[in-house]
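Step one of this worksheet: look at the structure below.
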Amino acid sequence: MQIVSSKWDEQRVRIPGRMTFLPYYTASPWGENEAYFFFFSALPDFSRSWIHTWSPAERRMTAEFELREWNGLPLRLHSELLLSSVFLPERRLVLIPLLEKLCAVSLDDGSVTEVWRGSDAAMRLGGPGNLSRDGKLVAYAEYPQDFSVSRQVSLTILDTSDFRPAGTQVFHDFLANHFQFMDDSDWLLYAHEGSTETIPDRVNRINWRTGERQLLHRHETAPDGTLLECIGHEMTRGETVCAVRYPVSVLPGALVTMRTDGGAYTILDCDDYWHSSCNADGTVFAMDTLWWGNARRKTPREIDIIRIDSKAGTKEIVKTVHSDPKEQYRHSHPQLNAAGNKLLFIEDADDSATLGSVTLRTMA
C-alpha cells in the first residue's frame, strides 16, 4: 500500500457547552446533492438535545430544533436512540426511535410525528437503523430493555412510503445487531454481537423475505480451538463488505474485505483498526485506530483517521485526533460520502477534552 498525503479542506462544527455528534456511521447524514448534513447536539448530561443542519458551502449551521420528546431519558439510552437515526433525504425527515416508538423529525420545522410503534412496550427500537439503497425500505430491530431477562431480537422491515411492516424476522439466544441493507435489498448484513473474544461468527447476512441466513466468514482458530481473530464493526456498500480485525486478536489487526456472499476474503491492510466504513461502491475505506490490545499505538485517546483507496492502492493518515472512547457518541466513527472524497468524524472540541465536535474534511 502506497502512503500518500493529500490536501484537505476542513470545517469544524462546535456548539459551546454542548456535545456535538453524528448518527451512527453506517447511516448517512447527507442531504440531497450533499448540500448539507444533519447532526445532533446535547448538554453534557443529555437532559436536553437538538438536531441541526450544516451547509458546507455556506460554512454555517442552517437549522436547529430542540428534541424535547427525548429530554429526560437516561444519558446512555438517550444517546443510543439518537445514534440509531435514519435520514430520508428526499423528504427531509430523520427517523429517530423513542423507546418502542419510531418518530419522524422534520428538518423544515422540527415537528415530530410518530410513524410506527413496535409490538411490545417492554422492548425498545435500535440497531442502529438502516435505509435501503433506493430509499424504499428501512430496517429497525426491537431489543429487550433488559437483555439478561430476554434475549430475543425482532427485526422489522418498514416500507418508507407508509411505514407499514413489509416483513419481520426473529433472532433467539444472541444479540443480532448492525443490520444493513445490501445492494440486493432482500439481504441485510448483520452482526452476532457480544464479547468479541468469544465470538467466531460475527459477520452474517439474512434474507428478510425468506429467513435464509448465511455466515460470511468464520473466524480463524488454532488447532486447539483458540480464537485467533476478533472481527467486527462491519459495513457494506456495492458488492463489498468491510470489517476490522481488532488488535486484541492473536493475528495482527487489519482491515478485511469480502464479497457480499462471503467470497474473496482479503486482508487489505494491517493496522490498529477500530471501525471501518466505505463509500458507495465499496472501493474507498475510512477507518479509525485504537491503542489497546496488541496495537503498536499506545497513547490513550489518540486516534488516526485513515483513508484507503483500494483501486489506487493508497493509504493516508488524514488526521490525528483525540477523543474519549467511553461512550458511542464520542467514538470518531469516520464515514465517507458516496464518492469517497469527503470524510465526517468526531473528535474533541478545541476548547474541551470532555466535549465532542464534528469535523468535515474534503479533498481539495
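Each value in this text was obtained by applying a stated rule to the coordinates, not by laboratory testing. Note that the structure is predicted; figures quoted are calculated from it, not measured. Because the Cβ atoms are built from the backbone with ideal geometry, glycine has one as well, and the counts that use them run over all protein chains shown.
Got the relative contact order for the stretch 2-363 handy, in percent, Cα pairs under 8 Å and 6 or more residues apart?
Contact order relative to length: 13 percent.
For the chain: lysine pairs with Cα atoms under 25 Å, gap of 8 or more or different chains, count?
Counting lysine pairs in the chain gives 12.
Pairs of alpha-carbon atoms within less than 8 angstrom and 6+ residues apart define the contacts here; what relative contact order does the stretch 212-349 have, in percent?
Values: 343 pairs, mean separation 22.8, N = 138.
The value is 17 percent.
Once you have the alpha carbon radius of gyration of the stretch 49-139, what is it after dividing by 2.2 N^0.38 Å, with N set to its residue count?
Output field value: 1.10.
Sorting check: for 3-9, 346-352, 252-258, which peptide has the highest mean count of neighbouring beta carbons within 10 Å, and how do the rest follow?
On the way: 3-9: 11.1, 346-352: 17.3, 252-258: 21.6.
Descending packing order for the listed peptides: 252-258, 346-352, 3-9.
Sorted by mean Cβ packing within 10 Å, highest first, what order do the peptides 312-321, 179-188, 326-335 take?
My ranking of the peptides, most packed first, is 326-335, 179-188, 312-321.
Choose one answer from Glu64, Glu229, Glu212: the residue with the largest mean-square fluctuation in a GNM of the chain with alpha-carbon springs under 10 Å.
In the Gaussian network model the winner is Glu212.
If you project the alpha carbons of the chain onto their three principal axes, what span does each projection cover, largest first, in Å?
Projected onto the principal axes, the Cα atoms of the chain cover 56, 47, 34 Å.
Between beta-carbons, use under 13 Å as the cut-off and find the net charge around Val250, counting Lys and Arg +1, Asp and Glu -1.
On the way: positive: Arg245; negative: Glu197, Glu220, Asp224, Glu229.
With Lys, Arg at +1 and Asp, Glu at -1, the net is -3.
Let me have the 222 nm mean residue ellipticity of the chain computed from DSSP H runs of 4+ only, each contributing -39500 (n - 2.57), with the sum over all residues rounded to the nearest 500.
The helix-only estimate for the chain comes to -500 deg cm²/dmol at 222 nm.
For the stretch 265-364, just run the numbers: alpha carbon Rg, then divide by 2.2 N^0.38 Å, N being how many residues it has.
1.06
Given a cut-off of under 8 Å on Cα pairs at least six residues apart, what relative contact order in percent is computed for the stretch 7-141? The partial results should precede the final answer.
Numbers: 272 pairs, mean separation 22.8, N = 135.
17 percent.
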